[in-house]
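Q: Starting off with a structure, shown below.
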Amino acid sequence: MKILLMGHPNVGKSVFFNRLTGANVIESNYSGTTVDYTRGYMSLDGKEVEVVDVPGTFSLDPKDRAEEVAVAMLKEAKDAYVICVIDSSKLERGLYLALQIMEEGYSVIIALNMDDVAEDKNIKIDNQKLEQVLGVPVVSTIAIENIGISKVISRLKDAKPVDVEDITVMRAGMNHCGRCGRT
Amino acid sequence: MAEKNNFVMIGIAILGLVTVAFGLADILVSVVGDGTGLSIIEIPGDMFRGGWGGLIVLFAGLFYLSGCKNVAEVHNASKVVIGSVLIWIMAGTDIFAMITESIPGGEEGPWFNSLSGFFGTYAPPYAPAIFLLPFSLVVVYYILKQERAR
Amino acid sequence: MKLNPDERWDLIDSIARHVVTYGEYRHTLKDAIGELTVKPMTGLPIAIAVMYCFWSVFGSFAGTLCTDGFFVKLFDGYWLPWLQEVFPGKGGWIYSILIDAGGMTNGEFILSDNCFEAFGVLTSGLFVAIGVVLPAIVIFYLMLTLLEDIGYMPRLAVLIDTVLHKIGLHGYAIVPTILSLGCNVPAVTATRILETRKQRFIMMTLLAIFIPCGAQLGIMEEVIPDLIGYVLLYLVIGYFIFGFILNRIVPGKSPEILIDVPQYQKPMMTNVRRKLWMRVSSFFKVAVPFVLLGCVVVNVLYLVGFIQWLGDLLAPVFVGWFGVPKETAGPLIAAFLRKDLAVAQLSVIEMTQYQMLSAVVLVSIYFPCVATFAMMLKEGWKELIGSVAVLTVVVFLYGGIIHLIGKLLGVA
Ligand SMILES: Nc1nc2c(ncn2[C@@H]2O[C@H](COP(=O)(O)OP(=O)(O)OP(=O)(O)O)[C@@H](O)[C@H]2O)c(=O)[nH]1
Ligand SMILES: [Mg+2]
């Protein structure tokens, strides 16, 4: 089993990685800190699991060498679990990449990181609803304070490939309800 | 309330003018050459502390002046804060330099400085920024209090 | 099923509408201050102050406190005399290489009286590595780490964006540039955040040529405090002139980017401590062996007469074209291994102020150190060959220009 940490630059992937594996990857407050991948190991139910800190990327269409590395890492590990780290205060941007990865058929789990920042900005995200719509586990985290990280790991088992078609159907359902006024 | 605002505005404006004057003095003195002292104020005359540093003191003054008009408003308040931060940078680096000078015992002396030598390093004259430091702190204290009240 | 980008954005829009609620958000003082640091009119003065702070603290801590305050005393007053005393075989080969090459005055062997002149592996080598470079690197990385964690770097990138566009890069190129001031090696890897090969090539070449590393800054601050400002000025001017030229002649694109500016944050001390430790220790794993090796190589080459021979051979170029004494041949060989060592060795050669200035600039722009070289090779051999070609031209051209400027000013 292999876990990839993916997401936009500067969302806290390296913090996640260091907390999970006890490694010392550099974390900084700017995009593009990590430009190469790092492998590490953590134990899960008594088994060694490989975790990879992947450079940040905006999409699966790489724009620079660091993003090329990221996309190559994903393509290389077809059966990997992907923890998609998203900056909660920029949910929409983050979901774009998450959807792309889900479309490729990966088992995704979404970590809505920087929950504290979103709270400061008065942005509220309904996790349960998001989980329902996307069909993948969604967990709020504050990586630097080690909040929610173990929850992400405990929910790994719920991650499974999803067909985006189901999401579109789900959305159609939501719209429908919106139009006919409740029920 | 309006009266209090006026009072604050005049205070910051004066601080700004004094700061600008110090900055200009720093720059002029370093362009001319040697540093000069007026009893307890020492105007550094080298290109680094006087020229570059003087420019920063000048900027600090300009920040104060451009922000003093209505500090109740966030954008003006932020300019005043930045003015103070620049003063802190100047005063802070000066004080840090004094600290680093005060600890070792000098080329011929023992490993560590004597107590009198240690304190002697901190005797005046000081650079202008150090005199501006207390005022810059007061101003920022006032603004933070105002921000918290909101 | 796969979506096209429009469908994806539509889907995201409708999902977001259902799950996200945006509360009221007030513009706070913190935001207003943040804005001031990126607007050019107010941001530039702040950037100037930040650089001042950086440099001032660097000099006070590394120079005044550590090196001059304690290490010079330790190495010159205790370490060197003790080694000179107890090490057997004064005047022999081993002694010269490890401890003190000394000097022959009137046929008499005279020991050196400070660690700059001794040239030995255990004396000069250790002194440069530990007495001068270690404090410089520690304080440099401490401040860099603070700037990084606060989130100032992307702001600096926004501020300098327009200028860097002129040399085919964009604001974000400030990240590798500043990392390079610590050590060129990680900076070469950091060029990966640039979009095109052209940009990466320009950046890597400029780094290798014009950016002095932290070790070199530390030693310059120590041995030529009065000249370091001019050295840096020459390097900055060179960075922009040759960047401008490279942008014209290197084929390829320089796309625009949108710089992402994160929130300001309070740095976490645990992270700062960890990062500082990692960087300093990895720097030293590379630096110390090379400094020591550099001492050995240069000493051996001196002893077998190679450096004198090379100096004589290159004398016309050195003296005529660059306007520096032919003895600089030795430091230039050392510079290939470590630039800090080279500057230390230059400092004991007798020459005029302007010659010293030219020689130090030459050492900086001449070949990057081996570690950087290896790193560039890893990023692509074609780029490396290109960079070396540019470098050769630059060294001759710029070296000559500096000599010419000195002549025109009447100081060379
Ligand atoms: N406030 C807050 N800050 C966080 C949180 N998680 C991470 N950070 C900060 O976000 C910044 C970026 O973290 P990194 O882990 O370096 O980001 P990254 O995703 O690895 O970024 P790249 O390597 O550039 O792709 C750091 O300054 C962290 O301290 C969080 O939950 N809350
Ligand atoms: Mg990272």
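Q: So which strands (runs of 3 or more DSSP E) stay within the stretch A:33-127 end to end and still have 3 or more residues that are away from ligand 2 (no atom under 16 Å from the Cβ), open to solvent by less than 60 Å² (accessible area, probe 1.4 Å) and in contact (Cβ under 8 Å) with a residue 12 or more places away in the chain? Don't jump to the end; show me each part of the working.
A: Values: elements: A:38-44, A:47-53, A:81-87, A:107-113, A:123-125.
Counting at least 3 such residues, we get A:107-113.
Let's see how each residue does on (1) surrounded by 18 or more Cβ atoms within 10 Å (Cβ to Cβ); (2) more than 11 Å from every other protein chain (Cβ to nearest Cβ); (3) modelled with pLDDT of 95 or more:
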site	(1), (2), (3)
A:VAL138	yes, no, yes
A:THR141	yes, yes, yes
A:GLU145	no, no, no
A:SER154	no, yes, no
A:ALA159	yes, yes, no
A:VAL164	yes, no, no
A:ILE167	yes, no, no
A:ALA172	no, no, no
A:HIS176	no, yes, no
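Q: Of the numbered conditions (1) modelled with pLDDT of 90 or more; (2) surrounded by fewer than 19 Cβ atoms within 10 Å (Cβ to Cβ); (3) more than 11 Å from chain C (Cβ to nearest Cβ), B:ASN70 satisfies every one except a single condition; which is it?
A: Of everything listed in (1) modelled with pLDDT of 90 or more; (2) surrounded by fewer than 19 Cβ atoms within 10 Å (Cβ to Cβ); (3) more than 11 Å from chain C (Cβ to nearest Cβ), B:ASN70 misses just condition (1).
Q: Considering (1) open to solvent by less than 10 Å² (accessible area, probe 1.4 Å); (2) in contact (Cβ under 8 Å) with a residue 24 or more places away in the chain, say which one C:ALA329 fails and leave the rest.
A: So the condition that C:ALA329 fails would be (2).
Q: Being facing chain A (nearest Cβ under 7 Å) and part of a loop (DSSP other than H, G, I, E, B) is the filter; apply it to the stretch C:260-275 and report the residue that is modelled with the lowest pLDDT.
A: Among those residues, the one meeting the criterion is C:ASP260.
Q: Related question: Residues in the stretch A:12-30 that are near ligand 2 (Cβ under 9 Å from one of its atoms) and within 12 Å of another protein chain (Cβ to nearest Cβ): how many?
A: So the answer is 7.
Q: Of the conditions (1) open to solvent by 10 Å² or more (accessible area, probe 1.4 Å); (2) more than 26 Å from C:TRP277 (Cα to Cα); (3) within 19 Å of the chain's Cα centre (by Cα); (4) not hydroxyl-bearing (Ser, Thr, Tyr), C:ILE211 fails just one. Which one is it?
A: All conditions pass for C:ILE211, except number (2).
Q: Moving to a separate point now. Within the stretch C:29-80, take every residue that is touching a Leu at 6+ places or on another chain (Cβ under 6 Å) and facing chain B (nearest Cβ under 9 Å) and give me the one that is farthest from B:THR100 (Cα to Cα).
A: Out of the qualifying residues, it is C:THR42.
Matching residues to (1) within 14 Å of chain A (Cβ to nearest Cβ); (2) farther than 20 Å from C:ILE193 by Cβ:
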| position | (1), (2) |
| --- | --- |
| C:VAL133 | no, yes |
| C:ALA136 | no, yes |
| C:THR145 | yes, no |
| C:ASP149 | yes, no |
| C:TYR152 | yes, no |
| C:VAL158 | yes, no |
| C:VAL163 | no, no |
| C:HIS170 | yes, no |
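Q: Considering only the stretch C:121-135, I want to know if a residue exists there that is within 16 Å of ligand 2 (Cβ to nearest atom), open to solvent by less than 10 Å² (accessible area, probe 1.4 Å) and within 22 Å of the chain's Cα centre (by Cα). Step through it out loud before you land on a result.
A: Taking the stretch C:121-135 as the starting set, the residues that turn out to be within 16 Å of ligand 2 (Cβ to nearest atom) are none.
No, every residue in the stretch C:121-135 fails to be within 16 Å of ligand 2 (Cβ to nearest atom), open to solvent by less than 10 Å² (accessible area, probe 1.4 Å) and within 22 Å of the chain's Cα centre (by Cα).
Q: Of these, C:PHE373, C:PHE367, which one is outside any helix (DSSP H, G or I) and out of contact with any Pro (no Cβ under 8 Å at 6 or more places or on another chain)? Before you say what the answer is, go through the steps one by one.
A: Details: C:PHE373 fails: outside any helix (DSSP H, G or I).
The unique qualifying residue is C:PHE367.
Q: A further question on this structure: Looking only at the stretch A:5-31, filter to residues that are in contact with a Phe, Trp or Tyr (Cβ under 7 Å, 6 or more places away or on another chain) and of a type outside the set (S, T, N, Q); which one of those is least open to solvent (accessible area, probe 1.4 Å)? Break it down stepwise before answering.
A: The initial filter retains those residues of the stretch A:5-31 that are in contact with a Phe, Trp or Tyr (Cβ under 7 Å, 6 or more places away or on another chain), namely A:5, A:8, A:10, A:21, A:23, A:25.
If we keep only those that are of a type outside the set (S, T, N, Q) as well, we get A:5, A:8, A:23, A:25.
Working: A:LEU5: 0, A:HIS8: 16, A:ALA23: 29, A:VAL25: 21 Å².
The extreme case among them is A:LEU5.
The values are calculated or read from the model by the stated rules, or taken from the named source; none is laboratory data. From a predicted model like this one, the values you see are computed outputs, not experimental measurements. All Cβ positions, glycine included, derive from the backbone under ideal geometry; neighbour counts span all protein chains shown. The area values use the complete protein model at the heavy-atom level, side chains included, leaving out ligands, DNA and RNA. Shrake-Rupley method; radii C 1.70, N 1.55, O 1.52, S 1.80 Å.
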